[in-house]
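The values are calculated or read from the model by the stated rules, or taken from the named source; none is laboratory data. Please read these numbers as outputs of a predicted model, since none were measured by experiment. Neighbour counts are summed over all protein chains in view; Cβ atoms, including those assigned to glycine, are modelled from backbone coordinates with ideal geometry.
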Amino acid sequence: MGIVPGERHKSGKYAMAMTTIKDPLDAAIAWIAGDPDPVTRKELQAVIDSGDFDDLADRMHGTLEFGTAGLRGIVGAGSNRMNRAVIIRATRGVADHVLAKNPGLVVVGRDARLSSPQFLEDTIAVLAAAGIPVRYFDAPVATPIVAYAARVLGAQAGIIITASHNPADYNGYKVYAPNAVQIVPPTDTEIAESIDRVGPAVEVPRHDDPFHAHGVGRISDDLLDRYLTDLEEVRGDAQAEQELRIVYTPMHGVGWRFFEEAMRRAGYRRVTPVPEQVEPDGRFPTTHFPNPEEPGALDLAIALAERTDADIILSNDPDADRLAVALPSDGTWIGLSGNQIGCLLADYVLEHWSEPDHRPMVIESIVSSPMLASIAQRHGAYFDQTLTGFKWIWNAALDLEAAGTGRFAFGYEEALGYSVGRAVRDKDGISAGVVFADLASACHAEGITVLDRLETLYRHHGLWVSTQKSIVRPGAEGIAEIDAA
């Protein structure tokens with residue numbers, strides 16, 4: 001086995017120095033000395049040479065904080081950016097935590113962002129050098145399928161390199177716990193402390209041929225087949241309306257490969273992807289902010305839907321863990337809110353619940369609609385509410401199942417995240433899209449529209465209205481502004 005370089009720095013003095021250096025120039029010089037990537041070394045040196053102190057100060061404004069969402073930030077040189085040095089040190093921290101707590105397999109995948117292939121390779125190289133067995137996806141993959149793989153392969157951790165729906169200049173690093181749910185406290189703090197003890201990235205051992213290292217193997221397509229088979233079980237006896245005309249966009253992300261096959265197996269034959277956005281492209285050339293919630297994000301899909309006289313638009317975000325829906329109404333197209341989609345799906349799933357020996361459970365986060373509680377009561381389901389994030393929804397689900405309360409049926413939160421069934425312990429835009437198509441098919445068979453069904457829900461449970469506002473505060477100045485608020 002080839003390992004580069006030699007002994008790992010164990011004292012933690014590097015991390016301590018990086019967090020205590022006050023002068024951004026001194027911090028940048030120290031960072032360059034510890035960065036194994038010649039590209040970002042050159043980039044940061046160019047910033048120093050340019051005399052752009054504001055840029056340098058922003059790049060060296062502390063370090064990216066590792067939390068329950070892992071890491072996420074702008075790709076570039078510096079301690080406050082996503083780069084190879086940050087990935088290498090973070091992965092060594094995760095590796096040390098796995099070895100100390102739950103030695104065993106780690107599953108790794110990536111999205112289609114431009115920096116993701118290199119970040120994946122560095123992640124595997126560090127894990128392999130630490131003697132940790134790895135199973136990885138060799139092509140861009142949807143985040144929910146990485147979560148699924150972590151569960152069915154019995155992994156002690158899962159890692160997905162993705163920045164989800166953020167702009168093209170971002171990337172991220174998300175970690176799943178041994179229960180295949182995104183990490184929660186105190187695990188996030190333990191991993192962060194483990195990362196702090198790691199020395200400079202240049203001193204972290206990495207395997208020089210990671211994809212052929214002992215204990216490292218590719219995840220076969222059989223796993224995708226297992227995922228799709230489990231999705232068929234979630235659908236139950238649902239009947240696809242083969243004439244339902246669907247326009248789909250993955251927003252330049254990874255979704256089409258998986259969504260197309262899932263819909264084909266479900267019986268849907270008239271699914272038309274938006275050609276400008278169907279292939280994975282980490283530049284996101286047709287949209288600056290590839291978030292289906294953003295105004296204008298579905299403009300190309302709407303134009304195609306109008307040309308093809310489509311019945312519905314379904315969209316995943318770039319890592320396919322979220323679902324957006326748009327419907328025709330009085331000559332125009334309207335996008336459903338996350339709460340509307342969530343309540344429609346919950347009502348449909350509970351209406352078709354096929355496990356009479358188990359009480360269904362539905363769970364939402366506190367930022368989501370109170371209407372779900374009324375829907376649950378109407379169907380005799382158990383309702384629970386958690387803090388924001390699917391990490392809390394799914395940990396609550398597992399605790400409730402262990403206590404004999406019932407069986408998880410559905411969970412959601414208003415930011416277009418839905419979990420249908422028990423196969424994936426995270427939000428899953430692919431399975432949610434298929435089940436929403438089933439809901440639309442059922443409406444078609446009844447001679448009503450999806451909006452008619454939503455109106456019926458309002459009549460049964462009352463009219464619930466919600467809105468949201470996204471406020472972006474970038475950089476060090478943004479952090480200071482938020483801290484002062």
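A few notes on this one:
- Unique residue being within 23 Å of Ile161 (Cα to Cα) and either at pLDDT 95 or above or surrounded by fewer than 19 Cβ atoms within 10 Å (Cβ to Cβ) (or both) when the list is Gly267, Gly253: Gly253
- Index of the failed condition, Asp196 passing every other in (1) within 27 Å of Asp426 (Cα to Cα); (2) among the acidic types (Asp, Glu); (3) modelled with pLDDT of 95 or more: (1)
- Test: Ala297 is of a type in the set (A, V, I, L, M, F, W, C), over 23 Å from the mean Cα position of the chain (by Cα) and surrounded by 18 or more Cβ atoms within 10 Å (Cβ to Cβ): no
- The combined condition, being farther than 25 Å from Ile183 by Cβ, in contact with an Asp or Glu (Cβ under 9 Å, 6 or more places away or on another chain), outside the structural domain of Arg235 (by TED's automatic domain parsing) and free of Cβ contacts under 8 Å to residues at least 60 places away in the same chain, is fulfilled by Glu446.
Listed here are the residues, each with its yes/no results for (1) assigned to a helix (DSSP H, G or I); (2) assigned by TED's automatic domain parsing to the domain that holds Gly172; (3) over 28 Å from Pro167 (Cα atoms).
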| site | (1), (2), (3) |
| --- | --- |
| Ala262 | yes, no, no |
| Glu306 | yes, no, no |
| Leu345 | yes, no, yes |
| Met361 | no, no, yes |
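- Cβ-Cβ contacts under 9 Å between residues 6 or more apart (or on different chains), taken from a first residue in region 298-322 that is closer than 17 Å to His444 by Cβ and at pLDDT 95 or above to a second residue that is among the hydroxyl-bearing types (Ser, Thr, Tyr) and crowded, with 24+ Cβ neighbours inside 10 Å, are listed as Ile313/Tyr248; Ile313/Thr249; Leu314/Tyr248; Leu314/Thr249.
- Flag if Thr388 is surrounded by fewer than 16 Cβ atoms within 10 Å (Cβ to Cβ) and within 22 Å of Pro144 (Cβ to Cβ): yes
- Residue in region 114-161 that is nearest to the chain's Cα centre (by Cα), counting only those that are over 18 Å from Val98 (Cβ atoms) and β-branched (Val, Ile, Thr): Thr143
- Residue in region 184-196 that is within 30 Å of Leu416 (Cβ to Cβ) and of a type in the set (Gly, Ala, Ser) present: yes
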